[in-house]
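Notes to accompany the following structure.
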Amino acid sequence: MTIANTFIVPKLDDSRLRSARYSMLIGGKSVNAASGKTILRESPGHLGNVVGEWPDASADDVKNAIAAAREAFDKGPWPRMSGAERSRLLYRVSELILANLDELALAECLEVGKPIAQARGEIEYCADLWAYAAGQARGQEGDSFNNIGDNRLGLVLREPVGVVGIITPWNFPFIIASERVPWAIGAGCTVVLKPSEFTSGTSVRMAELAREAGIPDGVFNVVTGYGNPAGQVLAEDPRVDMVAFTGSVRVGTLLAEIAAKQVKRVGLELGGKGPQIVFADADLDAAADGIAYGVYHNAGQCCISGSRLLVEESIRDEIMDRVLAISAKVPYGDPLNDRTRIGAMISKAHIEKVENYVRAGEAAGAELLTGGHMAGEGAGLYYQPTVFRNVRPDMSIAREEIFGPVLSTIAFRTADEAVALANDSEFGLSATVWSTNLESAMQTIRRVRAGRCWVNSVIDGTPELPVGGYKKSGLGRELGRYGFDEYSQVKGIHITLGQPTRWFNG
């Protein structure tokens, strides 16, 4: 089956194509790299158009940011503020995000290549993340024990971890920073954020809005640049008490090794190969729409992508027909067009990586039903919606994170087989079950080893629920009340009332 003519050609003369220049934020001041070097970002959806420029930070620039965060934590007011005071300022950031929604969405669209309508929705969601964290910041509590003896009292105090280095990826720069920063500073920590060198603009703007909201200098710092040296220095500096990273397993493993040598806390959200399990009793139209959304969202550049379709054999052809029909009709192409549902890929190197996976799938004997080729005729970095059938569990397209709009389909006969296939992965980040039998769906999803799961939906999110992975998909949890645990220490205090017991009476 071939893709219908649903490609929306990008307009290279669109008036919204503009270049914005950003500075780092260190200690409350906007600063450029000491070397004067900058990084230029070309829109992946509109090749030839520079849409962002930010500093290429040196090791010294990062050390200055760490020093500012350390000073703000050790001597500044932020960790000693009441929860109510911190809450008020975090909520103000939420308001400012909404007030600047159009600007932020456009920058996110142009830097990442994601559809403008999607970018708007994401920025609105991020405002909700900050608002939720603001409420929770006021509700953090410790504990007390008055049952350990008549003359003894026990207290458990919750305290911030300290200085947190946060390293975020290019696919959801504003969302992932919003999943970590408000929880970290809401707990009383100070932060140095290092966004991807591909997509740094909106992260800088987030910190500038935090400064405008009244968050004290040094609490929220942003450095822009490459993993080496910027990310490396942030991870290795002993003044940083914790590193939180979202990205590849390879880099996450390196960061965990660095943290282990320093006995430093580390939080990791890494790769995924999310299964979508479809039973014969599912609402097939709803399931097909969810399957397509789950694998094509953000052009498949999503760690919680539902890229493995595990479908009950008796309905495989029915589901495939529906998914193929959507794949043929879904508008993809120009990120600035409100009709677009699938935008551009992040870089030429990445789109070539996706292409190599597709060719490897064909070579291994998988049946390519639709797509499987680059699109856009050089105007941008686009890849067709792609669907494979008759995939074996041992194929690379079934086991490795492709990070593109590529669906690998495997049939099963029993629920036990579906669970075994779902768990036959080094990853455990996300999973979905499609079924109208809630009991069956819940029994299945409880057996799947994944940290972020859905029943009859996919890539759904709310600030109240935690996110995180099993196995090589990561360590720790973000969001909800669990997110504050990630950035908190607890201290046990024993209090003796009256005369203490004497150890030596001589």
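Data table
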item	result
Computed over the stretch 83-179: relative contact order in percent, which uses C-alpha pairs under 8 Å that are six or more apart	32 percent
Stretchable slack from residue 40 to residue 505, in nm (0.36 nm times residue separation minus alpha-carbon distance)	159.9 nm
Computed lengthening from residue 494 to residue 317, 0.36 nm per intervening residue step minus Cα-Cα distance	57.2 nm
For the stretch 66-110 versus the stretch 227-242, the gap between their alpha-carbon centres in whole angstrom	21 Å
Distance between the stretch 318-334 and the stretch 375-419 - C-alpha centres, whole angstrom	14 Å
Long-range amide H partners of residue 193 with built H, under 5 Å	166, 221, 222, 223
Paramagnetic reach from residue 280 in the stretch 387-427 [backbone N under 16 Å; point 7 Å along Cα→Cβ]	411-418
Set 29/264; 63/348; 114/329; 11/348; 75/261 screened for pairs whose C-alpha atoms are more than 21 Å apart	29/264; 63/348; 75/261
Cα long-axis angle, helix 173-186 against the chain (0 to 90 degrees, to the nearest 10)	20 degrees
Average Cα contact separation per residue, the stretch 191-233, under 8 Å, 6 or more apart, as relative contact order %	58 percent
Those aspartates and glutamates that a straight Cα-Cα span of less than 18 Å connects to residue 273, excepting residues fewer than 8 apart in one chain	355, 394, 400, 401, 417, 424, 426, 460
Surface/4 estimate of mean projected area, convex hull on alpha-carbon atoms of the stretch 439-506, nm²	9.8 nm²
Helix 249-262 axis, angle to the chain major axis (alpha carbon atoms, nearest 10°)	10 degrees
Solvent-accessible surface ranking, highest first, for 249, 51 at 1.4 angstrom	249, 51
Cα-based shape type of the stretch 6-142, given that a ≥ b ≥ c are square roots of the gyration tensor eigenvalues and the cut on a/c is 1.5	oblate
Reported label for calculated Rg and Dmax of the Cα atoms in Å given [x] 40.7, 140; [y] 23.8, 75; [z] 24.2, 95	[z]
Extended-chain gain in nm, criterion 0.36 nm per residue less alpha-carbon gap, residue 442 and residue 144	103.6 nm
For the chain, share of DSSP beta bridges that run antiparallel, in % to the nearest 5	45 percent
Separation of alpha-carbon centers, the stretch 188-226 and the stretch 116-141, rounded to whole Å	16 Å
Relative contact order (%) - criterion: Cα under 8 Å, at least six apart; region: the chain	19 percent
Helix 101-112 axis, angle to the chain major axis (alpha carbon atoms, nearest 10°)	60 degrees
Listed residue (365, 470, 432) projecting farthest to the positive dipole end of the stretch 326-482, Cβ model	470
FRET E, pair residue 16, residue 390, Förster distance 60 Å, beta-carbon r, rounded to 0.05	0.90
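The values are calculated or read from the model by the stated rules, or taken from the named source; none is laboratory data. Quick caveat: nothing in here was measured; it's all calculated off a predicted structure. Neighbour counts are summed over all protein chains in view; Cβ atoms, including those assigned to glycine, are modelled from backbone coordinates with ideal geometry. Areas reflect the complete protein model, heavy atoms only, side chains present, ligands, DNA and RNA absent. Shrake-Rupley method; radii C 1.70, N 1.55, O 1.52, S 1.80 Å.
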